[in-house]
Amino acid sequence: MSDRWYAEAVVYCLDLETYADSDGDGIGDIRGLIGRLDYLARLGVTCLWLNPIHPSPNRDDGYDVTDFYTVDPRLGSLGDFAELLHEAGNRGIRVIIDLVVNHTSDQHPWFQSARSSPDSPYRDWYVWSDQAPPDRRQGIVFPGEQRETWTYDRTAKAWYYHRFYDFQPDLNIANPAVRAEIKKIVSFWLQLGVAGFRIDAAPFIIEMTEPGNADSPKHFEFLTELRQHAQWRRGDAVLLAEANVEPDQLPAYFGDQGGSANRLHMLFDFMLNGRLLLALARRDPEPVIEALRATPALPRGGQWATFLRNHDESDLSRLTAEQREDVFREFGPEERMRLYGRGIRRRLAPMLGNDRRRIELAYSLQFSLRGTPVLRYGEEIGMGDDLSLPGRDALRTPMQWSLKPNGGFSSAPADKLIRPVVDKGEFSYERVNVTLQRHDQRSLLAWFERMIRTLREAPEVGCGACTHVDVPLPAGVLAHRADGRTGAMLFLHNLGTDDVTVDLGSLYEEADLPNDVLSDKEYPPPGKLDALRLAGYGYRWIRLRRGWEDWAGPAAAASSAG
């Protein structure tokens, strides 16, 4: 891979504590993951994204950190982690970790010192107010679970700010000492061998919080400093961030107003994600087309990360009320399936009624659109969820490996597991697991392996320009293409239920013996592209040609790439 390795990567997201337990204590761990690296290499994964690995009281699934410089002892040791990096590297897999520095746990020694005295050296590491801020009930992230964003601390005799839960006090980014400490944390893990970071809650990290100001300024320059610092320590380090903000604000996260790509390398594409779900719900590609057109142009080197499901609820907050209701009606019809009034706490397979055709269609579409695909663990075998668990835990159940007790996740008694394994219904581990699918060449797992191999043979998807093929098409059909130095690919997806025939003969003149490289079923050869058959919920990946020496590159194609 090139220096922009992340543009051609396939990212796999997992939580160590629910992936594989090596010592039988009911909690997944680093050594358990090491034992599954060959599985991930065979799947085609090139980058692992690990959810929080640090010591934590675990009141928010590890996002309440008490020590940024080590590994939670339940998961293993720093030595185990170093071995993981070595073994993953041997298989061509990079590892990135969550950087959760918007806040700490209220049990972190920094905060305990800060609240103990106004003279504490850590007092200004957090955001305080002597008076109750008038905006303390604004900016709520978790409606129904969180009442305010400022809490009075009796020991400190002051109010402290917390964008999230009251046990997660925000760090004060306006303090140079805090910014320096964040850089030290980044340096530590890069020196150990991680390839970069997924930055949690990036807009809140750079928020220069002012009591009473609901629209506090943002310190974008810190992102520039962090990028420079990270790349001085490791030249190919990547910063992938979560920033679910308005489209016109997105370019500032990638670079400054001069057009330099000097901040974040990658952002999750929340706007596309919501519209992908809307398109699937309506069986209409128009929302995806609109998202591709509305996406801001990126500076050279900037990259989107695409996803269908992640470790949180499906966030529909960027949709209109009518659009959101359409998605709820199709994929979250029951109140217990919804969260915070804006999201759906389900995995994709149950959302799509466990319809294999629609699951393949959805992931074929995600992986063929511009950007780097991110896949949540268990999605490759069509795992389900457990709606009896609270909140986001419903879709954070243990990985289902085999027919062994607890799905092969752990040898511990079932009542000792970090979370229960899905053991009832059509998504039970007895019906959905890696071992069963490994022995079935028609399984979803086998399909994912073929699809990812095909994607990796078409680097223009991640590195090139993505454009909608704007010609008259049957209802429900999306046609788009990827063009780059390595060639051109054509993609067809039928979100509707009817079989159709598509005429794209206008593209034939530029093609060089076009051929199907991936499809939902056997179709007649593409021929002159003027009579392309496509089944209901069908898809076709067609190689138009290889190589294009005159292609000007992603900068010239930025407006069409979106």
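The values are calculated or read from the model by the stated rules, or taken from the named source; none is laboratory data. Quantities reported herein were computed from a predicted structural model and do not represent experimental measurements. Quick reminder, even Gly has a Cβ in these numbers, built from the backbone with ideal geometry, and neighbours come from all protein chains shown. For accessibility, only protein heavy atoms count, side chains too; no ligands or nucleic acids. Shrake-Rupley method; radii C 1.70, N 1.55, O 1.52, S 1.80 Å.
From the list Arg94, Arg36, the one residue that fits, being closer than 24 Å to Ser411 by Cβ and among the charged types (D, E, K, R), is Arg36.
Restricting attention to segment 361-387, the residues that are outside any helix (DSSP H, G or I) and within 16 Å of the chain's Cα centre (by Cα) total 10. The condition of being open to solvent by 10 Å² or more (accessible area, probe 1.4 Å) and in contact with a strand residue (DSSP E or B) (Cβ under 7 Å, 6 or more places away or on another chain) holds for only one of Arg442, Arg338, Arg376, that being Arg338.
Within segment 265-302, take every residue that is among the acidic types (Asp, Glu) and open to solvent by 10 Å² or more (accessible area, probe 1.4 Å) and give me the one that is nearest to Gln249 (Cα to Cα).
Glu290
Checking segment 26-38 against the condition returns no match, with no residue being open to solvent by less than 10 Å² (accessible area, probe 1.4 Å), more than 18 Å from Asp80 (Cα to Cα), among the aliphatic types (A, V, I, L, M) and under 21 Å from the mean Cα position of the chain (by Cα).
Taking the criterion of being within 22 Å of Ser56 (Cα to Cα) and not in a loop (DSSP other than H, G, I, E, B), the residues of segment 151-179 that qualify are Thr151, Asp153, Tyr160, Tyr161, Asp170, Leu171, Val178, Arg179.
Of a type in the set (Lys, Arg), part of a helix (DSSP H, G or I) and more than 20 Å from the chain's Cα centre (by Cα): does that describe Arg42? Lay out the reasoning, then the answer.
Values: of a type in the set (Lys, Arg): yes; part of a helix (DSSP H, G or I): yes; more than 20 Å from the chain's Cα centre (by Cα): yes.
So Arg42 fits the description; yes.
Taken together, the residues in segment 482-515 that are over 19 Å from Leu369 (Cβ atoms) and in a strand (DSSP E or B) amount to 3.
Would you confirm, using the coordinates I've provided, whether Asp483 is open to solvent by less than 20 Å² (accessible area, probe 1.4 Å) and within 18 Å of Phe367 (Cβ to Cβ)?
Numbers: open to solvent by less than 20 Å² (accessible area, probe 1.4 Å): yes; within 18 Å of Phe367 (Cβ to Cβ): yes.
When the stated conditions are applied, Asp483 passes them.
Residue pairs whose Cβ atoms lie under 6 Å apart, sitting 6 or more positions apart in sequence or on different chains, and linking a residue in segment 458-469 that is under 18 Å from Ala291 (Cβ atoms) and of a type in the set (Asp, Glu) to a partner that is outside any helix (DSSP H, G or I) and open to solvent by 10 Å² or more (accessible area, probe 1.4 Å), do not occur here. Within segment 167-226, the set of residues being farther than 18 Å from Trp125 by Cα and of a type in the set (S, T, N, Q) comprises Ser187, Gln191, Asn213, Thr224. Those helices (runs of 4 or more DSSP H) of segment 246-351 in which at least 3 residues are modelled with pLDDT under 95, considering only elements entirely within it, cover 286-294. Of the residues that make up segment 195-215, is at least one of a type in the set (A, V, I, L, M), in a strand (DSSP E or B) and out of contact with any helix residue (DSSP H, G or I) (no Cβ under 6 Å at 6 or more places or on another chain)? So far as segment 195-215 goes, yes, one or more of its residues are of a type in the set (A, V, I, L, M), in a strand (DSSP E or B) and out of contact with any helix residue (DSSP H, G or I) (no Cβ under 6 Å at 6 or more places or on another chain). Residues in segment 52-86 that are of a type in the set (D, E, K, R), open to solvent by 20 Å² or more (accessible area, probe 1.4 Å) and touching a residue at least 60 places away in the same chain (Cβ under 8 Å): Arg59, Asp60, Asp61.
To keep it simple, each residue is scored yes or no on (1) open to solvent by less than 20 Å² (accessible area, probe 1.4 Å); (2) farther than 30 Å from Gln146 by Cβ; (3) part of a loop (DSSP other than H, G, I, E, B); (4) aromatic (Phe, Trp, Tyr).
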{"residue": "Ile359", "(1), (2), (3), (4)": "yes, yes, no, no"}
{"residue": "Leu389", "(1), (2), (3), (4)": "no, no, yes, no"}
{"residue": "Thr397", "(1), (2), (3), (4)": "yes, no, yes, no"}
{"residue": "Ser411", "(1), (2), (3), (4)": "no, yes, yes, no"}
{"residue": "Glu430", "(1), (2), (3), (4)": "no, yes, yes, no"}
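The set of residues in segment 87-108 that are surrounded by fewer than 22 Cβ atoms within 10 Å (Cβ to Cβ), in contact (Cβ under 8 Å) with a residue 12 or more places away in the chain and outside any loop (DSSP other than H, G, I, E, B) comprises Glu87, Gly89, Val95, Ile97. Residues in segment 115-125 that are touching a Lys or Arg at 6+ places or on another chain (Cβ under 8 Å) and closer than 10 Å to Ala158 by Cβ: none.
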